Amino acid sequence: MAQLRYQAERKLGVGEVGPSKSPSRAPRILTSSSNRDHVHRYAGGKGRNLYELSRRGVRANGADGFEVPSWAAIGSDVFIAVIADLRKHGLSSADAVMIRSLILEAELPAAVHNQIDAAYAHVGGGAVAVRSSADQEDGANLSFAGQFDTCLNVIGVEAVRAAVLTCWASAFSDRAVQYRRAHGIPDDDVDMAVVIQRMVPAETAGVLFTAHPTTGSPDKFLLSAVYGLGEGLVSGQVDADTLTLDAASGEVLDLALGEKLERYDPAPGSADSGGIEPTHVEPGLRDAQALTPTQVRQLHRVGKLVTDHFGAPQDIEWAFTADALHLLQSRPITTSFETGSHPPEDCTQGNLQEDVQLWDNSNLIESFNGITSPLTYTVAKEIYFRAYRSYAASLGVHDAQLRQIDAWMPDMLGEFHGRIYYQLLHRYRMLRLAPLYPLTRRVLEVALGVSEPMPDAILDELQPFTFRSKWQQRQRRGRSAAIFARRYLTNSHEINAFAQHFYSSYDKFDSINYERMTSEDIFATFRLMEEELVDSWGPTMIGDDSVLITVGLLHLLTRRWIPDAPSWLIYAAVTPGADVESAGPAEAIRDLAAYLRAHEELAKLVSTTPPKQVYERLVAGDHPEFFSLFNDYVRKYGYRSTDELKLEVADLREDPTVLLPMLRNALNEPPPRSTAHDPDRYLRTHLNLPQRLLYNRLRAKGSRLLANRERLRFCRTRAFGLAKRMCRAIGRDLAARGILDAWDDIFYLEFNELRNYFDGQLPAEALPGLIAERRARRVEDAMLIAPPRFETRGNPPRYSWRRVDEIDPDAAQVSELRGVASCPGVVEGVAVVAETPQDATGGILIAYRTDPGWIAALANATALLVERGSPLTHVCVVARELGIPTIVQVPGLTERIKTGSRLRIDGATGVIQILSDPAVAQPNADPAVTQPNRRSTPPTSALDDVHRQAAS
């Protein structure tokens, strides 16, 4: 081999097969001995990474050893010269089809042939792999996985020359052109080198991710393996073994065995012809693990070594021969969450790209479910901003840092098609104001009910603001922590003082008869109430973070002292107490239900008669004693109702009939409380006395904090109930004066528009147009399915949702499948089972297998399910880049699911719920919510007409 290389260099006298002697000269042939600057400039992504892998001290000995098969690269300057010659004929990069054809038919100059031949000779001739190596390929931001061509088991000079042309031509393939355009890369921004690498006769091969590609977490490695060449894996043709490894120890945390019915190897008799082909795997090996435990351990060690060398998690292609481990290539992992190790010095965004925003409604859906009016959203948005800012100021945050908060805090809430979402990253930023952030951030995810924990790499870097120096940071953060600690200890006193202030103001505003006031005076009163209540509310938000800290500390103690404790323990051990104020309505409902049970005739009336007719009879004088109790409840708790924070939804004081179905449902005797999960008894059994004293002290603190938080939420509900009264009175006054067509048109206006109208900055003539536009838009909005979490990119934000008329929104779950999670996200929608990419018509795309040709089909897919494959195939890599929830390796997928089935898939857990058969359809179901809220009497809403229009 060495003699062959020497003869080629002497004969051809070209390129840079050896060390560079002239750094200024553009090289044509690049190898592991070439000048580093030349390699990084001309060898493309694969060439650069191979160079670093080969030269930078990564090779190790013994059990950690590996080899990099010899390689050489045809520099991108050769490609540029070829393309420049084609452009002399008037072709541009937009003429992709013509350029591709001309490249494949090109008669290359002898000098170019000499370059290719020299590279082939350098690796020793024989069987080689010829791989594309575009400049942007295998980079830290984009992988271009599967976009360009690779030719395997290429043998002979002529075949290698043809393979190089094939790689060059693939730069202008339809999928590569679409990929560049999707990522905003100009058509003519492509430089293509080609790597020629010695083929390895692999016994087993695969891919190793040194951070989990689903979450970006560096705590887990993901390893896939097949028999034979790795092409069977990355193309999706072979169902691979998938192992999840602990990144630190290499322990196998999870193993999913693929069927491995086939393997890919050099074609028989290919010594002259080349090519690869599949062969059947022996039956006894199909269900066996492709890798031995020793090989798994070696890959883990080598993966750590390579990751440490490159300084970032890697996607490593590897192969085992009979006697050695070979690394074929390594590239940075590209996912929605980047995890580079060198963030900007003043980074507040973390490693998430700055134009990417993460929206989640896991917690907000409780308060703002389904379509929410513009007025509710804009009032809530302003309240959240003012309250959070006031909270920061109460912790001693300086003006310079408060101004930084002002830059992003107004976007704490976002509205999309009438649905309200948290900007989740901003919520994490605010959590930084409290101590013990590493502990509280994970408790926050439980508290919010988010389905996908945020990667540590992002959470560690998110900051609410920055400082001029480390000293200033320590000094000011220390001051805030001290203030927090003091107020943590005195929380109950602080809440008592706030409650006294709140009810003093509330009683004052609640006693006003707004129906007798002009809308101008009502709005002025509304602003006065906002000034008195909202800014004083902010400091009390320390209670939320205090709860997170306390529950987190209890988690730590539980894990240390009772490692096998049941999951219910902490949440049963820390409760706000039976006498908490917010429990009042439930207790009052029970009392009313008990009265009904004691009066059989009345109970029968409530149980069998429509609520409106029952109420009419009560008003007419029937059952006066019960009606008095009924009215006492409405007077005391009338502001508590479904969707109680949505201004457009009537509360009990406006529509008391809503209470009657609640009473009907409460008529059955409440079941006795189970004592099976008694935390006191459990703790007495499992903790010694000193441990129990400390644990119970922390429990008591947590219970007081929870009770205080419930008191605050009860106050919040009262405040919004008061706001509802004011808004309705404003709407009725404006309608009576002819400014609005109907009183409830007010809910289609934004708060700032009302303010501008009453300040004389927005003419009354402009209001009807705004209202009509939003009414029409709400009809369209109601036809869209709101995901629980999604990303937006760019400004204006780019995202896509599914339409409700493509799915059955009210189907019942009938079955469940499980597979290997590949990309996180929860999607509910209609299945589209496709045999070819051309069959894909959107929805949840389902395929038996995929290859790189399927990537174009991802453009309108809401999710991807693959029966045969692994998280490391090209299609799955690109699906992750696009943020498409993906599950692979699902046995029986295409047999169990048919086109039109309604599914709910969770890409983070690998769970697929089959909600309905295609034949089960209820087209009249309410489309305004992702998960229909089944209730006997829905709340009366000013937007109900929109829902009816959308459903009809």
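The values are calculated or read from the model by the stated rules, or taken from the named source; none is laboratory data. Bear in mind that the values here come from a model prediction, so they are computed numbers and not experimental data. Cβ: placed from backbone, ideal geometry, glycine included. Neighbour counts: every protein chain shown. Just the protein is used for accessible areas: all its heavy atoms, side chains included, with ligands, DNA and RNA removed. Shrake-Rupley method; radii C 1.70, N 1.55, O 1.52, S 1.80 Å.
Skip the ligands, DNA and RNA, and give the accessible area per residue of region 204-332 with a 1.4 Å probe, whole Å². Present the calculation step by step, with values, prior to reporting the outcome.
Numbers: 4860 Å² over 129 residues.
Spelled out: the 1.4 Å probe surface of region 204-332, per residue, equals 38 Å².
Taking all protein chains in place and a 1.4 Å probe, what share, in percent, of the accessible surface of region 488-536 do carbon and sulfur account for?
Values: 1430 of 2570 Å².
Here carbon and sulfur together make up 56 percent of the probe-accessible area.
My understanding is that a pair violates if its Cα-Cα distance is over 23 Å; which of 260/304; 381/646; 508/724; 381/701; 220/304; 508/636 do that in this structure? Present the calculation step by step, with values, prior to reporting the outcome.
Details: 260/304 27 Å; 381/646 13 Å; 508/724 16 Å; 381/701 31 Å; 220/304 11 Å; 508/636 16 Å.
Where the Cα-Cα span goes over 23 Å, the pairs concerned are 260/304; 381/701.
Considering amide H positions built from the backbone, and no H for Pro or chain starts, which residues 5 or more places from residue 901, or on another chain, come under 5 Å of its amide H?
Here 831 satisfy the definition.
Please list, in chain and number order, the residues 5+ apart from residue 211 or on another chain whose amide H is under 5 Å from its amide H, with Hs placed from the backbone.
222, 314
Per the 1.4 Å probe, what fraction of the accessible area of region 644-795, in percent, lies on carbon and sulfur atoms? Before the final figure, lay out each step's value.
Details: 3510 of 6940 Å².
Ligands and nucleic acids excluded, carbon and sulfur give 51 percent.
Please turn the phi angles of region 621-626 into ³J(HN,Hα) values with the Karplus equation 6.51 cos²θ - 1.76 cosθ + 1.60 (θ = phi - 60°), one per residue in order, whole Hz, x for glycine and proline.
Rounded to whole hertz, the list is x, 5, 6, x, 5, 5.
Pop out the ³J(HN,Hα) list for region 473-485 in order, Karplus 6.51 cos²θ - 1.76 cosθ + 1.60 with θ = phi - 60°, rounded to Hz; leave Gly and Pro as x.
4, 5, 5, 6, 5, x, 5, 4, 5, 5, 5, 4, 4
Of all alpha-carbon pairs in region 204-332, indicate the percentage at a distance above 25 angstrom. Don't skip to the answer; put the middle values down first.
On the way: 1923 of 8256 pairs.
Summing the P(r) of region 204-332 above 25 Å gives 23 percent of all pairs.
Using alpha-carbon pairs under 8 Å, 6+ residues apart, how would you state the relative contact order of region 204-332 in percent?
Working: 261 pairs, mean separation 32.5, N = 129.
Taking the mean separation of contacting Cα pairs over the length of region 204-332, I get 25 percent.
Run the numbers for residue 524 and residue 277: contour at 0.36 nm per residue of separation, minus the present Cα-Cα distance, in nm.
Numbers: separation 247, 0.36 × 247 = 88.92 nm, distance 7.88 nm.
The residue 524-residue 277 span can extend by a further 81.0 nm.
Multiply the residue separation of residue 503 and residue 773 by 0.36 nm, subtract the distance between their alpha-carbon atoms, and state the gained length in nm to one decimal. If you can, show how the numbers build up before the last one.
Working: separation 270, 0.36 × 270 = 97.20 nm, distance 3.93 nm.
Full extension from residue 503 to residue 773 adds 93.3 nm.
Using a basic spin-label model with each label point 7 Å from the Cα along Cα→Cβ, how many nm lie between residue 895 and residue 635?
Calculated label separation equals 6.8 nm.
Rg/Rh for region 710-793: what does it come to with C-alpha atoms and Rh from Kirkwood?
Values: Rg = 16.1 Å, Rh = 15.1 Å.
Taking Rh as the inverse mean 1/r over Cα pairs, Rg/Rh reads 1.07.
Take the solvent-accessible surface of the protein heavy atoms, probe 1.4 Å, and return the percent of it on region 204-332 that carbon and sulfur atoms account for. Mind showing how you got there, number by number?
Numbers: 2520 of 4860 Å².
Exposed carbon and sulfur together represent 52 percent of the surface.
Quick one: which residues, 5+ away or cross-chain, put their amide H under 5 Å from the amide H of residue 261? H built at 1.01 Å from N.
Correct list: 239.
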